[in-house]
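Q: Just passing along the structure, written as C-alpha coordinates.
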Amino acid sequence: MRRTLIAGNWKSNGRKAGLETFLEVLGGGLASASAEILICPPYVYLSKAVALAPEGVSIGAQNCSVEQEGAFTGEVTAGMLADCEVGAVILGHSERRELFSESSELVASKVKRANTEGLMAIVCVGESLEEREKGLAEAVVLEQVRQSLQGVGDASGIVLAYEPVWAIGTGKTASAEDAQNMHAAIRRCLREQYAEQADGIRILYGGSVKGGNAAELFAKPDIDGALVGGASLDAKEFLQIIAAG
Ligand code: PGA
(Lines give C-alpha, C1' and ligand atoms only; values in the text may rest on other atoms or scores of the structure.)
Protein backbone atom coordinates (compact mmCIF):
# COMPACT_ATOMS: atom_id res chain seq x y z
CA MET A 1 0.00 0.00 0.00
CA ARG A 2 1.17 3.49 -0.78
CA ARG A 3 0.75 5.92 2.09
CA THR A 4 -0.58 9.30 0.99
CA LEU A 5 2.09 11.99 1.11
CA ILE A 6 1.16 15.65 1.34
CA ALA A 7 4.11 17.94 0.82
CA GLY A 8 4.14 21.72 1.12
CA ASN A 9 6.57 23.65 -1.07
CA TRP A 10 7.01 27.11 0.36
CA LYS A 11 9.26 28.26 -2.50
CA SER A 12 10.89 31.62 -1.60
CA ASN A 13 8.10 32.58 0.79
CA GLY A 14 7.74 32.84 4.53
CA ARG A 15 9.58 34.28 7.49
CA LYS A 16 10.72 32.88 10.85
CA ALA A 17 7.73 34.14 12.82
CA GLY A 18 5.29 32.78 10.25
CA LEU A 19 7.00 29.39 10.32
CA GLU A 20 6.60 29.14 14.08
CA THR A 21 2.91 30.00 13.92
CA PHE A 22 2.36 27.71 10.96
CA LEU A 23 3.90 24.68 12.69
CA GLU A 24 1.97 25.38 15.85
CA VAL A 25 -1.38 25.58 14.05
CA LEU A 26 -0.48 22.54 11.95
CA GLY A 27 0.46 20.52 15.02
CA GLY A 28 -2.83 21.41 16.66
CA GLY A 29 -4.85 20.07 13.75
CA LEU A 30 -3.24 16.74 13.04
CA ALA A 31 -4.93 14.49 15.56
CA SER A 32 -6.79 12.38 13.01
CA ALA A 33 -4.43 12.76 10.05
CA SER A 34 -3.40 9.54 8.36
CA ALA A 35 -1.21 10.99 5.60
CA GLU A 36 2.53 11.49 5.78
CA ILE A 37 3.24 15.22 5.95
CA LEU A 38 6.27 17.09 4.71
CA ILE A 39 6.99 20.82 4.81
CA CYS A 40 9.69 22.29 2.59
CA PRO A 41 10.63 25.81 3.69
CA PRO A 42 13.62 27.77 2.33
CA TYR A 43 17.09 26.48 3.29
CA VAL A 44 17.73 29.05 6.01
CA TYR A 45 14.67 27.98 7.96
CA LEU A 46 15.23 24.23 7.75
CA SER A 47 16.98 23.78 11.08
CA LYS A 48 14.35 25.83 12.85
CA ALA A 49 11.61 23.85 11.15
CA VAL A 50 13.26 20.55 12.17
CA ALA A 51 13.44 21.76 15.77
CA LEU A 52 9.81 22.89 15.87
CA ALA A 53 8.12 20.27 13.69
CA PRO A 54 5.20 18.63 15.48
CA GLU A 55 4.98 14.85 15.63
CA GLY A 56 4.08 13.37 12.27
CA VAL A 57 5.59 16.22 10.24
CA SER A 58 8.91 15.87 8.42
CA ILE A 59 10.97 18.63 6.91
CA GLY A 60 12.34 18.73 3.38
CA ALA A 61 14.39 21.06 1.19
CA GLN A 62 13.48 22.47 -2.21
CA ASN A 63 16.75 21.72 -3.97
CA CYS A 64 20.30 20.52 -3.36
CA SER A 65 23.66 20.72 -5.03
CA VAL A 66 24.71 18.04 -7.49
CA GLU A 67 28.17 18.17 -5.95
CA GLN A 68 29.30 16.29 -2.89
CA GLU A 69 31.26 19.22 -1.43
CA GLY A 70 33.86 21.77 -2.39
CA ALA A 71 34.23 25.20 -3.94
CA PHE A 72 30.67 25.84 -5.16
CA THR A 73 29.74 29.18 -3.64
CA GLY A 74 26.12 29.41 -2.59
CA GLU A 75 25.34 25.72 -3.01
CA VAL A 76 23.92 23.51 -0.27
CA THR A 77 24.80 19.83 -0.48
CA ALA A 78 22.64 16.80 0.17
CA GLY A 79 25.07 15.77 2.91
CA MET A 80 24.51 19.07 4.71
CA LEU A 81 20.74 18.60 4.51
CA ALA A 82 21.02 15.11 5.97
CA ASP A 83 23.34 16.49 8.65
CA CYS A 84 20.56 18.93 9.65
CA GLU A 85 18.04 16.07 9.89
CA VAL A 86 16.24 17.08 6.74
CA GLY A 87 14.61 13.95 5.37
CA ALA A 88 13.66 14.84 1.81
CA VAL A 89 14.39 17.14 -1.09
CA ILE A 90 12.30 18.36 -4.02
CA LEU A 91 14.27 18.02 -7.26
CA GLY A 92 13.59 19.19 -10.80
CA HIS A 93 10.70 21.49 -9.92
CA SER A 94 9.52 23.23 -13.09
CA GLU A 95 10.68 26.57 -11.71
CA ARG A 96 14.21 25.17 -11.40
CA ARG A 97 13.99 23.66 -14.87
CA GLU A 98 12.69 26.89 -16.41
CA LEU A 99 14.33 29.67 -14.42
CA PHE A 100 17.61 27.95 -13.57
CA SER A 101 18.00 25.82 -16.71
CA GLU A 102 18.10 22.51 -14.87
CA SER A 103 18.07 19.57 -17.26
CA SER A 104 16.66 16.14 -16.54
CA GLU A 105 20.24 14.80 -16.68
CA LEU A 106 21.24 17.17 -13.88
CA VAL A 107 18.13 16.17 -11.93
CA ALA A 108 19.11 12.47 -12.23
CA SER A 109 22.56 13.24 -10.82
CA LYS A 110 20.99 15.15 -7.94
CA VAL A 111 18.58 12.27 -7.24
CA LYS A 112 21.54 9.92 -6.91
CA ARG A 113 23.36 12.36 -4.65
CA ALA A 114 20.27 12.81 -2.46
CA ASN A 115 19.63 9.08 -2.21
CA THR A 116 23.26 8.40 -1.32
CA GLU A 117 22.83 10.73 1.64
CA GLY A 118 19.63 8.98 2.67
CA LEU A 119 17.27 11.74 1.51
CA MET A 120 13.97 10.94 -0.15
CA ALA A 121 13.93 12.66 -3.55
CA ILE A 122 10.67 14.13 -4.84
CA VAL A 123 11.25 14.24 -8.58
CA CYS A 124 9.03 16.73 -10.42
CA VAL A 125 7.88 16.42 -14.02
CA GLY A 126 5.23 18.20 -16.05
CA GLU A 127 4.34 19.58 -19.47
CA SER A 128 3.83 23.19 -20.54
CA LEU A 129 0.51 24.48 -21.86
CA GLU A 130 1.93 24.60 -25.37
CA GLU A 131 3.03 20.97 -25.16
CA ARG A 132 -0.40 19.93 -23.90
CA GLU A 133 -2.19 21.82 -26.66
CA LYS A 134 0.00 20.11 -29.25
CA GLY A 135 -0.95 16.70 -27.83
CA LEU A 136 2.58 16.10 -26.56
CA ALA A 137 1.90 16.06 -22.82
CA GLU A 138 2.36 12.35 -22.21
CA ALA A 139 5.43 12.01 -24.42
CA VAL A 140 7.11 15.00 -22.77
CA VAL A 141 6.33 13.86 -19.23
CA LEU A 142 7.43 10.27 -19.77
CA GLU A 143 10.68 11.42 -21.35
CA GLN A 144 11.29 13.62 -18.30
CA VAL A 145 10.60 10.64 -16.03
CA ARG A 146 13.05 8.40 -17.90
CA GLN A 147 15.81 10.99 -18.07
CA SER A 148 15.37 12.28 -14.55
CA LEU A 149 15.75 8.74 -13.19
CA GLN A 150 18.50 7.59 -15.52
CA GLY A 151 20.97 5.48 -13.58
CA VAL A 152 18.87 5.54 -10.41
CA GLY A 153 18.92 1.82 -9.75
CA ASP A 154 16.82 1.59 -6.63
CA ALA A 155 13.44 3.32 -6.40
CA SER A 156 13.01 3.01 -2.66
CA GLY A 157 14.16 6.61 -2.13
CA ILE A 158 12.07 8.30 -4.77
CA VAL A 159 8.65 9.88 -5.09
CA LEU A 160 7.38 11.35 -8.37
CA ALA A 161 5.39 14.57 -8.62
CA TYR A 162 3.36 15.27 -11.74
CA GLU A 163 2.90 19.01 -11.96
CA PRO A 164 1.53 20.38 -15.22
CA VAL A 165 3.34 23.70 -15.57
CA TRP A 166 0.16 25.50 -16.66
CA ALA A 167 -1.53 24.50 -13.38
CA ILE A 168 1.17 25.80 -11.04
CA GLY A 169 0.14 28.95 -9.21
CA THR A 170 -2.57 29.68 -11.76
CA GLY A 171 -5.67 28.43 -10.00
CA LYS A 172 -6.18 25.97 -12.88
CA THR A 173 -6.04 22.30 -11.95
CA ALA A 174 -5.89 19.34 -14.26
CA SER A 175 -9.19 17.48 -14.02
CA ALA A 176 -8.96 14.50 -11.70
CA GLU A 177 -9.50 12.29 -14.78
CA ASP A 178 -6.66 13.87 -16.75
CA ALA A 179 -4.36 13.75 -13.76
CA GLN A 180 -5.19 10.06 -13.14
CA ASN A 181 -4.49 9.22 -16.78
CA MET A 182 -1.07 10.84 -16.59
CA HIS A 183 -0.29 9.19 -13.26
CA ALA A 184 -1.21 5.79 -14.69
CA ALA A 185 1.05 6.46 -17.70
CA ILE A 186 3.89 7.45 -15.36
CA ARG A 187 3.41 4.24 -13.39
CA ARG A 188 3.52 2.15 -16.58
CA CYS A 189 6.73 3.94 -17.46
CA LEU A 190 8.17 3.26 -13.99
CA ARG A 191 7.41 -0.45 -14.48
CA GLU A 192 9.89 -0.51 -17.39
CA GLN A 193 12.69 0.53 -15.05
CA TYR A 194 11.51 -0.76 -11.68
CA ALA A 195 9.50 -3.86 -12.38
CA GLU A 196 8.97 -4.92 -8.80
CA GLN A 197 9.13 -1.55 -7.10
CA ALA A 198 6.89 0.45 -9.45
CA ASP A 199 3.63 -0.28 -7.68
CA GLY A 200 5.09 1.00 -4.43
CA ILE A 201 6.33 4.33 -5.80
CA ARG A 202 4.21 7.28 -4.82
CA ILE A 203 3.14 9.71 -7.52
CA LEU A 204 1.95 13.07 -6.22
CA TYR A 205 -0.13 15.58 -8.13
CA GLY A 206 0.80 19.26 -8.00
CA GLY A 207 -0.70 22.41 -9.45
CA SER A 208 -3.22 24.58 -7.60
CA VAL A 209 -4.21 21.86 -5.12
CA LYS A 210 -6.48 23.30 -2.41
CA GLY A 211 -8.80 22.13 0.32
CA GLY A 212 -11.66 22.20 -2.16
CA ASN A 213 -10.19 19.94 -4.87
CA ALA A 214 -7.91 17.59 -2.92
CA ALA A 215 -10.44 14.87 -2.09
CA GLU A 216 -11.44 14.38 -5.73
CA LEU A 217 -7.80 14.05 -6.75
CA PHE A 218 -6.88 11.69 -3.89
CA ALA A 219 -9.81 9.41 -4.75
CA LYS A 220 -8.03 8.39 -7.97
CA PRO A 221 -6.12 5.11 -7.76
CA ASP A 222 -2.74 6.42 -8.94
CA ILE A 223 -2.78 9.80 -7.18
CA ASP A 224 -0.89 9.20 -3.97
CA GLY A 225 -0.88 12.68 -2.52
CA ALA A 226 0.00 16.23 -3.44
CA LEU A 227 2.82 18.68 -3.79
CA VAL A 228 1.24 21.93 -2.69
CA GLY A 229 2.59 25.43 -3.29
CA GLY A 230 0.39 28.43 -2.49
CA ALA A 231 -2.10 26.56 -0.29
CA SER A 232 0.73 25.22 1.90
CA LEU A 233 1.48 28.71 3.20
CA ASP A 234 -1.76 28.83 5.15
CA ALA A 235 -1.89 26.18 7.88
CA LYS A 236 -5.71 26.03 7.93
CA GLU A 237 -5.94 25.53 4.18
CA PHE A 238 -3.13 22.97 4.30
CA LEU A 239 -4.95 21.11 7.08
CA GLN A 240 -8.00 20.85 4.82
CA ILE A 241 -5.85 19.14 2.20
CA ILE A 242 -4.41 16.84 4.86
CA ALA A 243 -7.93 15.98 6.01
CA ALA A 244 -8.74 14.88 2.45
CA GLY A 245 -5.78 12.46 2.47
P1 PGA B 1 0.76 25.67 -6.48
O2 PGA B 1 2.29 25.18 -6.66
O3 PGA B 1 0.11 24.72 -5.53
O4 PGA B 1 0.89 27.06 -5.93
O5 PGA B 1 0.14 25.63 -7.84
C6 PGA B 1 2.62 23.82 -6.74
C7 PGA B 1 4.11 23.65 -6.89
O8 PGA B 1 4.74 24.47 -7.57
O9 PGA B 1 4.71 22.70 -6.36
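The values are calculated or read from the model by the stated rules, or taken from the named source; none is laboratory data. These numbers were taken from a predicted model, which means no experiment stands behind them. With ideal geometry, Cβ positions are generated from the backbone for all residues, glycine too; neighbour counts draw on all protein chains shown. Surface areas here come from the heavy atoms of the whole protein model, side chains and all, with no ligands, DNA or RNA. Shrake-Rupley method; radii C 1.70, N 1.55, O 1.52, S 1.80 Å.
Q: Out of residues 5 or more away from R202 or on other chains, whose amide H comes under 5 Å of its own, with H placed 1.01 Å from N in the peptide plane?
A: Correct list: L160.
Q: Oh, and also: Just flag the trypsin sites (Lys or Arg not before Pro) in segment 1-72 sitting in loop per DSSP whose Cβ has no more than 12 other Cβ atoms within 10 Å. Walk me through the intermediate numbers first.
A: Details: sites: R2, R3, K11, R15, K16, K48; in loops: R2, R3, K11, R15.
Sites meeting the loop and neighbour criteria: R3, R15.
Q: Relative to 2.2 N^0.38 Å, what does the C-alpha radius of gyration of segment 84-149 come to as a ratio? Two decimals please. Could you put the intermediate results ahead of the total?
A: Working: Rg = 12.9 Å, N = 66, 2.2 N^0.38 = 10.8 Å.
Taking the Cα Rg and dividing by 2.2 N^0.38 Å, one obtains 1.19.
Q: Go through segment 75-180 and name the chymotrypsin sites (Phe, Trp or Tyr not before Pro) that are in a DSSP coil and have 10 or fewer other Cβ atoms within 10 Å of their Cβ.
A: Working: sites: F100, Y162, W166; in loops: F100.
Within segment 75-180, the qualifying chymotrypsin sites (Phe, Trp or Tyr not before Pro) (loop, at most 10 other Cβ atoms within 10 Å) are F100.
Q: Turning to a different aspect of this structure: Ignoring any ligand, DNA or RNA, what whole percent of the accessible area of segment 97-218 comes from carbon and sulfur when the probe is 1.4 angstrom?
A: Numbers: 2550 of 5310 Å².
Result for segment 97-218: 48 percent of the exposed heavy-atom area is carbon or sulfur.
Q: OK, next. Radius of gyration and Dmax for the chain's Cα atoms, expressed in Å?
A: Final numbers for Rg and Dmax: 16.7, 47 Å.
Q: Hey, what do the phi angles of segment 41-47 turn into as Karplus ³J(HN,Hα) couplings, whole Hz, using 6.51/-1.76/1.60 and θ = phi - 60°, x for Gly and Pro?
A: 3J(HN,Hα) across segment 41-47, in whole Hz: x, x, 2, 5, 9, 4, 4.
Q: Which of the GluC sites (Glu not before Pro) across segment 81-136 are loop residues per DSSP, with 16 or fewer other Cβ within 10 Å? Spell out each step's value before the answer.
A: Values: sites: E85, E95, E98, E102, E105, E117, E127, E130, E131, E133; in loops: E85, E102, E117, E127.
Answer by residue number: E85.
Q: Let me ask something else. Strictly greater than 23 Å: what percent of every Cα pair in segment 15-121 meets that?
A: Working: 1752 of 5671 pairs.
Summing the P(r) tail past 23 Å for segment 15-121 gives 31 percent.
Q: So, R0 is 41 Å and r is the distance between the beta-carbons of A215 and L129; what FRET efficiency does that work out to, to 0.05?
A: On the way: r = 26 Å, r/R0 = 0.63.
It comes to 0.95.
Q: Could you give the accessible area per residue of the chain, probe 1.4 Å, as a whole number in Å²? Each step should come with its number before you reach the end.
A: On the way: 11020 Å² over 245 residues.
In whole numbers, the chain has 45 Å² accessible per residue.
Q: Explain nothing, just the number: dipole magnitude of the chain about its Cα centre with +1 on each Lys and Arg Cβ and -1 on each Asp and Glu Cβ, in debye rounded to the nearest 20. Can you show the working numbers first?
A: Working: 22 positive and 32 negative charges, 57 e Å.
Using only the charged Cβ atoms, the result is roughly 280 debye.
Q: Over the chain, what relative contact order in percent results from Cα pairs under 8 Å that are six or more residues apart?
A: 22 percent.
Q: Here is a follow-up. Just need the relative contact order of segment 92-147 here, percent rounded to a whole number, with Cα pairs under 8 Å and 6+ apart. Walk me through the intermediate numbers first.
A: Details: 39 pairs, mean separation 19.2, N = 56.
Value for segment 92-147: 34 percent.
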